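For reference, the structure is listed below as structure tokens.
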Amino acid sequence: MKRLIYFILLSISVMDSFAQQAAVRQIDSAMQLAHQRGIFNGNILVAVKGKVIYERSLGYADGTKTTPLNLSMKFDIGSISKEFNGVAIMLLSERGKLSLDDSLAKFFPEFPAWAKTIKLKQLINYTSGIPALGPAADSTDALVYQSLLKLNALAAQPGTVYIYNHVNVVLQRRIIEKVSGLSYAEFIRKNLLQPAGMNASLVDYPVNGFGMAKAFDQAGRPSDYATGVTGWVRLPVRDLYEWTRALHSGKLISEKSLKLLAESFPGGESSLGTTGYEGDRLIWHQHQGSNYNHEAAFYTNLPEDITIVMMTNNQQMKVWPLKTTILNILHHQPYTVPKKSLYLTIRDRMLDDVNVGLAYYRQLKATGQERYDFSFEIGDLISTGKYLQRRNKYDEAIKVLQTAVQLQARNGDLSYGYELIGDCYQEKGDLAQAAASYRKAVELSPENKNAAGRLQAIEKKAK
């Protein structure tokens, strides 16, 4: 018996019925090819003018590839979850329960003196200056709290550098609990999930629980889930669509609050991921998140009222290229289906042996460009360098990043590569090399405020 295909055709006011049906057939053909190429195993939804025109499961619920996915299955959405704590804080601000100018010390008076210098608005746009503490110090809520009690100094002056880490997220969630008197999960359920009509969404639902899409790696092996901090929303594809509808319609917070929440540090993300505004008008909003081979993404164009939501339990880093494919189809433009990810193909080889990994990368560049995507080569190498850096392989990361910055690429991308090289040297304690790398980053892109802030901190320390 053939498994049920979830496939919906509804009318779209911006297209005649024949054009609409043709577009949906093209979307399905493209997604089928993406699944065959091994770049998408998951659930997808496309909506236009408030109508879902395409909704389908492609692939399997786990790495055994015996149980098909279905549309009711929940996925982990990684850092998209931070939208819920960001919106919750704005909601509490609207209710007069807190101010974005409140200091962290107001909520945690027991923290060292640096807490007085951090404002709540800096927690929600990740410019608090709190450093990444590392798994031994930040893998649970309790460890985060104890580590911050012992933290002697910030990595940078608040407001000067974007440092994305989940310590900021944990603190936001604890503040919501302190102010509301409810657990984070209960506050989110009552004030956000229920009003948005997200009836199947749950906070901290077990990743191996019934009805969860279970993540697996490139070899089909189940992925260990190492995150021990709490507050993650797990949900099906339709509920994430309902979230975008409620958020953008003003049902949860005001347009003014939404715009404040969307403010980001140059080169960094806000609590909403990334957004595009024209004056006070939100034009587009997109966000991607990942966790241990779970990946989710959504994109909304508000003037056209187009929303695309994708969730996968076998991360391939192709959700954004697939979004572009779908948009081109809807706009009657030429389109292509992405190739396999260069980054995912080389990263574990680099981790095992960076020299072997670099040789394999060069071999693929010479002979594999028909099968592997080299369209953003510097980005894939930078991502690989970051992958090594997060695992404290600083020398190996520097080798990969130095390869990246030798490519012909945009100054902004080259600047980011040098910034990360500087971060690695700083972690190694080589401040002279770190400063030289940050200086090169700023020279290539004066808009790189992160590199400028880190360089300023090193130079200040040297005086």
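The values are calculated or read from the model by the stated rules, or taken from the named source; none is laboratory data. Treat the numbers as computed from the prediction; the structure is a model and nothing was measured. All Cβ positions, glycine included, derive from the backbone under ideal geometry; neighbour counts span all protein chains shown. Just so you know, the surface numbers come from the protein's heavy atoms only, side chains and all, with ligands and any DNA or RNA stripped out. Shrake-Rupley method; radii C 1.70, N 1.55, O 1.52, S 1.80 Å.
How many angstrom separate the Cα center of segment 383-427 from the Cα center of segment 136-214?
After rounding, the separation between the Cα centres reads 29 Å.
Among A213, S79, V170, whose Cα lies farthest out toward the positive end of the dipole of segment 79-222, if unit charges sit on the beta carbon of Lys, Arg (+1) and Asp, Glu (-1)?
It is V170, whose Cα lies furthest towards the positive end.
Quickly rank 283-291, 40-48 as a protection proxy: mean count of other C-beta atoms within 10 Å, highest first.
40-48, 283-291
Taking the Cα centre of each part, how many Å lie between segment 432-462 and segment 15-42?
Between the Cα centres of segment 432-462 and segment 15-42 lies a distance of 46 Å.
Could you run the Karplus curve 6.51 cos²θ - 1.76 cosθ + 1.60 with θ = phi - 60° over segment 84-94 and give me ³J(HN,Hα) per residue in whole Hz, x for Gly and Pro?
5, 6, x, 5, 4, 5, 5, 5, 5, 5, 4
For segment 112-216, which chymotrypsin sites (Phe, Trp or Tyr not before Pro) are both in a DSSP coil and crowded by at most 11 other Cβ atoms within 10 Å?
When the chymotrypsin sites (Phe, Trp or Tyr not before Pro) of segment 112-216 are filtered for loop state and at most 11 Cβ neighbours within 10 Å, F210 remain.
Could you state how much accessible area T66 has, in square angstrom rounded to the nearest 10, with a 1.4 Å probe and all protein chains kept in place?
100 Å²
For the chain, what % of the accessible area comes from carbon and sulfur atoms, probe 1.4 Å?
Values: 10250 of 20540 Å².
Within the chain, the accessible surface is 50 percent carbon and sulfur.
Taking only protein heavy atoms into account and a 1.4 Å probe, give the accessible area per residue of the chain in Å².
44 Å²
Residue by residue through segment 334-347, which ³J(HN,Hα) values in whole Hz follow from phi under the Karplus form 6.51 cos²θ - 1.76 cosθ + 1.60 (θ = phi - 60°), with glycine and proline marked x?
Karplus values, whole Hz, x for Gly and Pro: x, 9, 10, 9, x, 8, 5, 6, 5, 4, 5, 6, 9, 5.
Counting other Cβ atoms within 10 Å, which trypsin sites (Lys or Arg not before Pro) in segment 365-399 have at most 14 and lie in a DSSP loop?
Here the sparse-neighbourhood loop sites are R371, R391.
Is it possible to state the helix-based mean residue ellipticity at 222 nm for the chain, with each DSSP H run of 4+ residues giving -39500 (n - 2.57), the sum divided by total residues, to the nearest 500 deg cm²/dmol? What is it?
Details: 18 runs with 204 residues, N = 463.
The per-residue figure over the chain is -13500 deg cm²/dmol.
Please give the length that would be gained between D353 and Q146 if that part of the chain were fully extended, namely 0.36 nm times their separation in residues minus their C-alpha to C-alpha distance (nm, one decimal).
Gain in length upon complete extension: 71.0 nm.
What does a probe at H331 reach in segment 269-306, counting residues whose amide N is under 19 Å from the point 7 Å along Cα→Cβ?
274-278, 282-287, 298-306
What stretch of the chain, leaving out the sites themselves, is the longest with no GluC sites (Glu not before Pro) in a DSSP loop having at most 15 other Cβ atoms within 10 Å?
Working: sites that count: E110, E263, E304, E370, E447.
Longest stretch, sites excluded: 111-262.
I want to make sure I understand the PRE zone here: with the label point 7 angstrom from the Cα of D204 toward its beta carbon, which residues in segment 85-104 have backbone N atoms less than 17 Å away?
Inside the label zone: 85.
Straight-line reach from K51: which lysines fall under 19 Å, measuring Cα to Cα and dropping same-chain residues less than 8 apart?
K251, K323
So between S29 and V52, what do we pick up on full extension, going 0.36 nm a residue minus the alpha carbon distance?
That pair, S29 and V52, stretches by 6.5 nm at full extension.
Give a residue-ordered list of calculated ³J(HN,Hα) values for segment 25-31 (Karplus: 6.51 cos²θ - 1.76 cosθ + 1.60, θ = phi - 60°; whole Hz; x for Gly, Pro).
Values per residue, Gly and Pro as x: 4, 5, 4, 5, 4, 5, 5 Hz.
On the first, second and third principal axes, largest extent first, how far apart are the outermost C-alpha atoms of segment 160-283 in Å?
47, 33, 31
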